[in-house]
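One structure is given here, and the rest of the page talks about it.
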Amino acid sequence: GASPLFQRLLVDTCRSDPGLLAEFLDRLFNTLNWTVTEFGVTLKEALEGASRARQHETRQRRRKCAVMFELSVTLTRVLEFLTKELPEVFLKAQSLDLKRLTETLVFVLGHTTAGPDAALFDRALLAQIAPSDKVSRAAILAPVAGIVLNLDAASQDAAERLGLQASQNTDGNSASDISGAADDETDTDKTAFLCVESIAAELARSNADVAQLEFLRDFPWTDHFSFPADEDETSGEPLNSEKSSDGESLKEKSSPVVLARLRDFVRRVRATRLDVDRLRETEDARSIPDEFVDPIMQTVMTDPVTLPGSGQVVDRATIRRHLLGDRTDPFSRSPLDETMLVPADDLRLRIEKWREEAPAAHSLADID
């Protein structure tokens, strides 16, 4: 429910100060994970202690449930806004923010859709631990759906633009013609070319339970959202909740076309997961050279880098995650920042060749 002026100021600030944006996203991910955790813990306490707790304790727990849930919804909606306005932040090459966003989405889905943690959510809804207007699946799942659809649309738009650019090159347009056309593009057009990663592929590579994504797909959206007959069904706008936190009605954005996009998205994640599993089975069946394995995560590296302090070689994604909370070499404890990492290009090329030689190897970049 923020004003358009504040929203534009937030976007402009994030674009102009990448360092500040990185800190903001780090706190956003951490806080959302904390609120979801606290919500789950409080739900369990409220359910298990309902029969023996004093009346004021029960009220306090129910109030805390509502507060933690509303905070979780608000923070998820902030992420939805950012993925719509700044998709390139999450979809740029080797984006750590995409990995963290995916982990956060998996965590939220695990607590609200299917699985052991979600079963607790089911019990709480049946027991009416909190009022239905304060705690509901629709409120939290709508921005989650919006996030995946925002990023999926950005990836597909970037792919179409790159395809068009390649077609222009093939048709004999000169470099100056293409350069001139690029100069005429808006900021949105230019940032579209930065969106090279895929939220569908990242979810497929993650530990996401596809059944939870199918729950998101099959959720009875039409029971919670209206579908105006005069709506432009080609708009592709993300799902959003019917009411803001202060109870004011919002313009409904969902449409049958959006739900069709959600179904197609889940289908592609499931198909990609099958390819990921085949690749992993192929790698597991082969003898993996020790030098290809990340010493921290014990997985085959994709972008190995050397740490100058200790001389250890680790995957870039692994050390970037470590540096979010500790600016030292994990092996020598010497000071370290991302600019000091030394690419191990020779090792990377050997790993790529090893992967290419795998039987029936497929590239995830070709999926979708």
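Numbers at a glance
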{"quantity": "Selection from the range 196-236 of residues that are at pLDDT 70 or above and part of a loop (DSSP other than H, G, I, E, B)", "calculated": "Val196, Glu197, Ser198, Ser206, Asn207, Ala208, Asp209, Phe219, Pro220, His224, Phe225"}
{"quantity": "Per-region count, the range 303-332, residues among the basic types (Lys, Arg) and in contact with a Ser or Thr (Cβ under 9 Å, 6 or more places away or on another chain)", "calculated": "1"}
{"quantity": "Any hit, the range 156-171, residues being at pLDDT 85 or above and out of contact with any helix residue (DSSP H, G or I) (no Cβ under 9 Å at 6 or more places or on another chain)", "calculated": "yes"}
{"quantity": "Filter result (open to solvent by 50 Å² or more (accessible area, probe 1.4 Å), modelled with pLDDT of 85 or more and either in the same structural domain as Arg205 (by the TED database) or not in a strand (DSSP E or B) (or both)) within the range 338-368", "calculated": "Glu338, Thr339, Met340, Asp345, Asp346, Arg348, Leu349, Arg350, Glu352, Lys353"}
{"quantity": "Answer from Ala142, Ala138, Ala124 - the residue that is open to solvent by less than 30 Å² (accessible area, probe 1.4 Å), part of a helix (DSSP H, G or I) and in contact with a His (Cβ under 7 Å, 6 or more places away or on another chain)", "calculated": "Ala138"}
{"quantity": "Matching entry among Leu307, Leu262, Leu324 (being of a type outside the set (Ser, Thr, Tyr), more than 26 Å from Glu356 (Cβ to Cβ) and in contact with a strand residue (DSSP E or B) (Cβ under 7 Å, 6 or more places away or on another chain))", "calculated": "Leu307"}
{"quantity": "Of residues in the range 300-337 being of a type in the set (Val, Ile, Thr) and in a helix (DSSP H, G or I), the one least open to solvent (accessible area, probe 1.4 Å)", "calculated": "Ile319"}
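The values are calculated or read from the model by the stated rules, or taken from the named source; none is laboratory data. For clarity, every value in this text was computed on a predicted model and none was experimentally measured. Note that each Cβ is placed from the backbone with ideal geometry, even for glycine, and that neighbours are counted across all protein chains shown. Quick note on the areas: whole protein, heavy atoms, side chains included, nothing else; ligands and nucleic acids left out. Shrake-Rupley method; radii C 1.70, N 1.55, O 1.52, S 1.80 Å.
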